[in-house]
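Q: Here you go, one structure.
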Amino acid sequence: MSTTVREAAARGRSRWEAQRSFDELGRLLRDLTFTVVDLETTGGSAEAGSMITEIGAVQVRGGEVLGEFQTLVNPHTEIPPFIAVLTGISNTMVADAPSIESALPAFLEFAAGTVLVAHNAPFDVGFLKHFNELQGRAWPAFEVVDTAKLARRVITRDDAPNCKLSSLARVFRSSTTPNHRALSDARATVDVLHGLMERLGGLGVHTLEELQTFSARVSTAQRRKRHLAEGLPHSPGVYLFCDDSRRVLYVGTSRDLRTRVRSYFTASETRSRMGEMVGLATTVEGIVCSTALEAQVRELRLIAEHKPRYNRRSRFPERMHFVKLTREPWPRLSLVTRVLADDADYLGPFSSRKAAEKCLAALHDTFPVRQCSDRFGKVPSRSPCVLAELGRCLSPCDGSVDPATYAAVVRLLQDTLLRRPDEVVEAINRRMESLAADERFEEAGVHRDRLAAFVRAAARTQRLSALSRCPEIVATRREADQRWAVHVVRHGRLAAAGVIPPGADAHQYVAELRMSAETVGDAPGPVPAATAEESEKVLRWLESDGVRLVDVEGEWACPVAGASRHLALHDAVSESRRVLVPFGERRDLATVQRPAR
């Protein structure tokens with residue numbers, strides 16, 4: 001093996017003098033060591049059997065060359081003639097060269113702890129990963145910069161006709177002309193990398209994070225606002241973009257406030273609305289949170305409070321709909337927007353009236369309770385409606401049903417809402433089978449959607465009700481940083497969050513956290529003390545792997561025969577409906593909706 005290491009004094013040139021005033025955001029490019037690598041191979045695909053014939057690499061930092069690596073590799077196969085002509089590497093040249101089994105470990109040792117750079121990196125890195133895997137080693141956690149990809153974002157047609165290495169070498173006046181030999185091409189790629197960094201430095205790209213996420217779609221004015229992230233910590237929390245009148249424009253959350261906010265100015269965020277928002281922003285406020293869950297909950301509460309114009313979701317949690325089983329002599333189902341302390345039963349919340357109406361239709365298809373909104377006494381005397389004549393209503397209005405029979409139907413309906421949805425599931429499935437047998441697929445699809453709306457609503461209500469009935473749940477989980485996160489949940493609302501400090505008495509810390517937690521009172525309805533979205537986030541955390549329950553006050557349990565056991569089927573149906581099924585093919589009614597004409 002031929003390996004040479006030469007100091008930078010021989011040929012290194014300081015190319016980054018203009019970057020000496022980089023700010024401290026992220027990992028400064030001038031402080032990082034890059035290994036620029038190039039390979040020569042017998043073909044275009046390692047998976048197809050192509051082999052490496054040469055590895056060349058140059059290690060640089062701060063614009064200075066630290067060392068070089070070069071070795072031919074014996075492919076143990078014939079080099080195709082056209083490859084030999086292209087690269088100048090013949091079978092004779094590689095006959096005594098080391099195999100990839102020894103050349104690759106030597107290169108990986110040379111590149112250890114650096115950032116890999118290559119022109120068309122998927123090709124070079126793909127070959128290296130392939131042979132590393134064949135040798136049974138874990139791939140080092142290299143970060144990779146692709147100069148070809150970067151050039152496509154920086155170089156215009158006025159600069160060069162394309163982004164080939166030879167074209168870019170001419171643009172940046174490389175001291176080495178690429179010639180399809182690994183070390184020469186790696187040296188040319190170093191000059192291209194430095195040239196690209198010089199251009200990007202003038203656009204405010206000074207760190208590796210900014211380099212990896214750079215996009216020409218982000219304006220210079222947007223990048224100039226990166227100083228707004230300077231005061232934020234590397235901690236989980238919530239950030240608020242505000243305008244010059246202190247109005248909140250946007251609320252977001254992140255496990256790392258500083259890194260996430262910085263991304264709005266360095267191009268990983270390329271949505272046009274976000275660019276417009278950043279243009280209006282003059283300050284960014286950060287709220288540090290103890291845990292990621294606390295940050296998510298605070299985000300929801302702040303969005304609901306400020307209703308920022310650039311947040312599209314969660315702005316109006318009060319716009320909810322419920323299906324209510326009323327408490328009156330002749331109960332009925334009703335669509336409402338509020339939960340009252342009237343001892344009635346509620347199903348929901350629904351995020352849209354349309355979904356609530358589908359669920360209501362599914363219930364009315366199954367239970368013949370009255371659908372009129374009139375108030376009846378215990379002994380009504382009115383004329384029956386059309387639904388009664390069609391057999392879809394027990395018609396208490398004209399005395400067609402006695403109170404005991406009607407009450408029995410209502411009790412079955414109540415049990416369906418709160419505990420066991422089988423009555424609705426079985427009734428609508430029978431209806432769908434009948435319609436399918438008559439090839440009335442579109443009508444069957446309507447009933448399928450109604451059933452899905454009911455099952456999802458019933459499952460959601462049962463899960464949220466079970467959580468909200470508990471006056472207090474205390475749970476903990478060891479997070480990725482090996483610290484224990486603790487959450488106190490009261491009636492479905494996050495009341496306190498914290499992380500046990502190293503060396504602290506865990507029992508005492510939990511006790512103090514419970515004492516300082518928010519006081520939360522019980523209230524009617526399936527989501528009494530928080531929005532449904534907040535309680536569902538809390539539930540997902542409580543149900544996640546590794547959570548340990550410290551204490552549960554009350555009974556936290558869902559019905560054994562509840563609606564959740566039907567969710568998997570309806571989720572699969574929804575997913576399958578995204579697949580377009582052409583006319584003429586056989587369609588399974590349970591999985592695919594008939595395409596629209």
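Q: Can you give me the number of residues within region 49-61 that are crowded, with 20+ Cβ neighbours inside 10 Å, among the polar types (S, T, N, Q) and within 38 Å of the chain's Cα centre (by Cα)?
A: 1
Q: I need the full set of residues from region 85-125 which are of a type in the set (Val, Ile, Thr), part of a helix (DSSP H, G or I) and in contact with a strand residue (DSSP E or B) (Cβ under 9 Å, 6 or more places away or on another chain), in order please.
A: Thr87, Val94, Ile100, Val125
Q: Among the candidates Ser400, Ser351, Ser395, single out the residue that is under 24 Å from Ala529 (Cβ atoms), modelled with pLDDT under 85 and surrounded by 12 or more Cβ atoms within 10 Å (Cβ to Cβ).
A: The unique qualifying residue is Ser351.
Q: Given the conditions (1) surrounded by 13 or more Cβ atoms within 10 Å (Cβ to Cβ); (2) over 27 Å from Gln462 (Cβ atoms); (3) modelled with pLDDT of 90 or more, which single one is not true for Val410?
A: (2)
Rundown of residues vs (1) assigned to a loop (DSSP other than H, G, I, E, B); (2) at pLDDT below 85; (3) aromatic (Phe, Trp, Tyr), yes/no style:
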site: Lys149; (1), (2), (3): no, no, no
site: Ser175; (1), (2), (3): yes, no, no
site: Thr189; (1), (2), (3): no, no, no
site: Val238; (1), (2), (3): no, no, no
site: Tyr250; (1), (2), (3): no, no, yes
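Q: Which of the residues spanning region 236-261 are among the acidic types (Asp, Glu) and within 21 Å of the chain's Cα centre (by Cα)?
A: Asp256
Q: Now for a different question. If I ask for residues that are among the hydrophobic types (A, V, I, L, M, F, W, C) and not in a loop (DSSP other than H, G, I, E, B), which ones from region 304-355 would you list? Step through it out loud before you land on a result.
A: First pass over region 304-355, keeping only residues among the hydrophobic types (A, V, I, L, M, F, W, C): 304, 316, 320, 322-323, 325, 330, 333, 335-336, 339-341, 344, 347, 350, 355.
Ala304, Phe322, Val323, Leu325, Leu333, Leu335, Val336, Leu347, Phe350, Ala355, listed by residue number.
Q: I would also like to ask the following. Name the residue, out of Thr326, Thr291, Thr282, that is outside the structural domain of Ala458 (by TED's automatic domain parsing) and over 18 Å from Val248 (Cα atoms).
A: Values: Thr326 fails: outside the structural domain of Ala458 (by TED's automatic domain parsing); Thr282 fails: over 18 Å from Val248 (Cα atoms).
Sole residue among the options that is outside the structural domain of Ala458 (by TED's automatic domain parsing) and over 18 Å from Val248 (Cα atoms): Thr291.
Q: Another question about this same structure. Among the residues of region 65-91, which ones are among the small types (Gly, Ala, Ser) and in contact (Cβ under 8 Å) with a residue 12 or more places away in the chain? Walk me through it before giving the result.
A: Within region 65-91, the first condition is being among the small types (Gly, Ala, Ser), and the residues that meet it are 67, 84, 88, 90.
Of everything in region 65-91, those that are among the small types (Gly, Ala, Ser) and in contact (Cβ under 8 Å) with a residue 12 or more places away in the chain turn out to be Gly67, Gly88.
Q: Considering (1) over 31 Å from the mean Cα position of the chain (by Cα); (2) closer than 21 Å to Glu543 by Cα, say which one Gly503 fails and leave the rest.
A: (2)
Q: Which ones in region 326-360 are under 15 Å from Asp449 (Cβ atoms) and in contact (Cβ under 8 Å) with a residue 12 or more places away in the chain?
A: Result: Phe350, Ser352, Arg353, Ala355, Ala356, Glu357, Lys358, Cys359, Leu360.
Q: Next question, about the same structure. Considering Gly275, Gly195, which residue is assigned to a helix (DSSP H, G or I), at pLDDT 80 or above and either among the small types (Gly, Ala, Ser) or not assigned by TED's automatic domain parsing to the domain that holds Ser167 (or both)?
A: Details: Gly275 fails: at pLDDT 80 or above.
On inspection, the qualifying residue turns out to be Gly195.
Q: Being surrounded by fewer than 18 Cβ atoms within 10 Å (Cβ to Cβ) and under 29 Å from Leu196 (Cα atoms) is the filter here, so list the residues in region 62-87 that pass it.
A: Scanning region 62-87 gives Glu64, Gly67, Leu86.
Q: Sticking with this one: Condition first: of a type in the set (A, V, I, L, M, F, W, C), farther than 24 Å from Val424 by Cα, out of contact with any Gly (no Cβ under 8 Å at 6 or more places or on another chain) and at pLDDT 70 or above. Now tell me which residues in region 533-580 satisfy that.
A: Leu539, Trp541, Leu542, Val547, Leu549, Val550, Val552, Trp556 - these are the residues of region 533-580 that are of a type in the set (A, V, I, L, M, F, W, C), farther than 24 Å from Val424 by Cα, out of contact with any Gly (no Cβ under 8 Å at 6 or more places or on another chain) and at pLDDT 70 or above.
Q: Taking region 307-322 as the search range and keeping residues that are in contact (Cβ under 8 Å) with a residue 60 or more places away in the chain and touching a strand residue (DSSP E or B) at 6+ places or on another chain (Cβ under 7 Å), which one is surrounded by the most Cβ atoms within 10 Å (Cβ to Cβ)?
A: Here the answer is Phe322.
The values are calculated or read from the model by the stated rules, or taken from the named source; none is laboratory data. Quantities reported herein were computed from a predicted structural model and do not represent experimental measurements. Cβ sites come from the backbone with ideal geometry, for glycine too, and all protein chains shown count toward neighbours.
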